[in-house]
1. If N is the number of residues in the range 76-217, what value comes out of its Cα radius of gyration divided by 2.2 N^0.38 Å?
2. Would you work out what percent of the accessible area of the range 81-154, with all protein chains in place, is carbon or sulfur (probe 1.4 Å)?
Amino acid sequence: MTQPLTLPSQVRCNRGFGWPFWMVMGIVAPMTVVTVIGIWDREPGGGLVGLGIGAAVALLFCVVRAVFLPRLTIDLAQGVLRARTRTAPFSAIAVIEFVSEKAGVWATFIDDDGRKLARMSVANTMFAPPTSEQWAALGQVIHLAAIARGASLAQQPPAPGIWVSPARAIDILQAQTAWCSAGHRSSGRQAPAAELTHASVALAGQEKRTHAARSPR
């Protein structure tokens, strides 16, 4: 696979702050200002209480993001995914699911037994949208995992659901990388990666692929 970008050996994903964070801050900030002004008029110096409340809300979001949300580093040099609690080789990835939920859109890496290995923020999460570098790294993961497992780039599993072949997923991610490099919004409706939402990419042999696809999450 030809990459439009020269990637570093390690690409850190799930970073920055997404629009849900800034939306909440956009609500909290003016409310904090109004509260401070109102309290200050009644009790000079009491506005510090309002400032404290606003700061506490912002800190809470930062703590949740840093401590509870998934971490992910794609280590291309070692061929592994580095999550918060585990390190998994690309060869362990059987399926990549692009799941849309209340917390946004995520790419979930699943092994042959149906266990989650790691998660990558894709859109509308507490993290900033992926950069062109992150999209390119995800394409590399699919390419290298398929090679490691001896998977056909064109084959799709005989299992229910929406499936995208590895070859098609790589093409989409290359287009998404170019889209973001051109300055377009990563999570825009016209973005190439929108095609992957609700879809899955299989990287296992036929028997294992079907098992991973049907295993409970």
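The values are calculated or read from the model by the stated rules, or taken from the named source; none is laboratory data. The model shown is predicted, which means the values in this text are computed figures rather than measured ones. Note: areas computed on protein heavy atoms with side chains; ligands, DNA, RNA excluded. Shrake-Rupley method; radii C 1.70, N 1.55, O 1.52, S 1.80 Å.
1. With N residues counted in the range 76-217, Rg over 2.2 N^0.38 Å equals 0.97.
2. 51
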